[in-house]
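The values are calculated or read from the model by the stated rules, or taken from the named source; none is laboratory data. Note that the structure is predicted; figures quoted are calculated from it, not measured. Methodologically, a virtual Cβ is constructed for each residue, glycine included, from the backbone with ideal geometry; neighbour enumeration extends over all protein chains shown.
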Amino acid sequence: MRTEQPRIIAVSSGKGGVGKTNFVANLALFYASINKKVLVMDADVGLSNIDVLLGVTPRFNLKHVLAGEKRLKETVVTGPLGIKIIPAGSGVRELTNLNEEQRLQLVTELEDFDLDFDVFLIDTGAGIADNVLFFCSAAQEVVVIATPEPTSIADAYALIKVLRNDFKVRHFRLIVNTARSEKEAFDTYSKLSLVADKFLNLPIDYLGYLPLDPAVKDSIIAQKSHIVLYPNSLFAKKLGQIAKRLIENPSGDPGGTLQFFLRRALRI
Ligand SMILES: Nc1ncnc2c1ncn2[C@@H]1O[C@H](COP(=O)(O)OP(=O)(O)O)[C@@H](O)[C@H]1O
Ligand SMILES: [Mg+2]
């Protein structure tokens, strides 16, 4: 029996294409490399591609589970370093409007799904779509990624505002991606933090930044994780710092089991 509860972390953003999937894939590999058991859920219906980044090809996803064609266990794929991936894929859309029978079916599946893990990462997709809000409000922690672009900051604020006002999420942690300097990253954080403090009375926790690194694209094309290909890069160093901060300083509610998480998400 485990003694510690797994950490359930949703990674989200206001705007798409800010680096969520790349971050989640690298974070998963980092944790796996320090012997944490990692479960990743690809919950981005728009552009779900964590499987590509982790080099796995799932045959089934939550849609097959909801249709009663597959058991949840059968959809889970194993990636590098033993990372387990739930390819939620197109089934995610259905998750937000399940009928009673489907909810119960999913909970039964989960009760049967007794994978032991330390960290559960959810790549949620972007914006204030139902799916994104659904996963963020159920997770123990919400990590928002923004870039220094003004539109990205404004959209991150919009997401935080909805989660705070309509879903009572009270803890947010920010990562600034594709920053050209530490200062640019901190200025980005400060802009968001100021408005959140002023208009929502909400402090935002700064987790750190990831530098703009042209080699990130090459890593994706090579289907290799950046921190594995370039372990000495600034990107890898900053990712390691963020990963440690995240795991060592929990914010938000105490953790729970995967079952607990989905019950909360499904409001059962
Ligand atoms: N730190 C970075 N430096 C350079 N390019 C990056 C960085 N992070 C992400 N990218 C690139 O940005 C694009 C979008 O990243 P992705 O992780 O798919 O975003 P999202 O999941 O938020 O839509 C990808 O082409 C990726 O290579
Ligand atoms: Mg993505």
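Laid out as a table, the results:
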quantity	calculated
Selection within segment 220-249 - surrounded by 13 or more Cβ atoms within 10 Å (Cβ to Cβ), over 17 Å from V176 (Cα atoms) and of a type in the set (D, E, K, R)	K224
Candidates G55, G46, G14, filtered to the one that is of a type outside the set (A, V, I, L, M), crowded, with 19+ Cβ neighbours inside 10 Å and within 16 Å of ligand 2 (Cβ to nearest atom)	G14
Whichever residue in segment 103-151 is small (G, A, S) and either more than 16 Å from L163 (Cα to Cα) or within 16 Å of ligand 1 (Cβ to nearest atom) (or both) and, among such residues, is modelled with the highest pLDDT	A146
Elements of type strands (runs of 3 or more DSSP E) in segment 106-184, at least 2 residues being within 16 Å of ligand 2 (Cβ to nearest atom), among the hydrophobic types (A, V, I, L, M, F, W, C) and touching a residue at least 40 places away in the same chain (Cβ under 8 Å)	119-126, 141-146
Residue that is surrounded by the most Cβ atoms within 10 Å (Cβ to Cβ) [pool: residues in segment 195-219 that are more than 16 Å from ligand 1 (Cβ to nearest atom) and assigned to a helix (DSSP H, G or I)]	A196
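A quick yes/no check of all residues on (1) buried (at least 23 other Cβ atoms within 10 Å of the Cβ); (2) at pLDDT 80 or above; (3) among the β-branched types (V, I, T):
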residue: M41; (1), (2), (3): yes, yes, no
residue: R71; (1), (2), (3): no, yes, no
residue: P80; (1), (2), (3): no, yes, no
residue: I86; (1), (2), (3): yes, yes, yes
residue: G89; (1), (2), (3): no, no, no
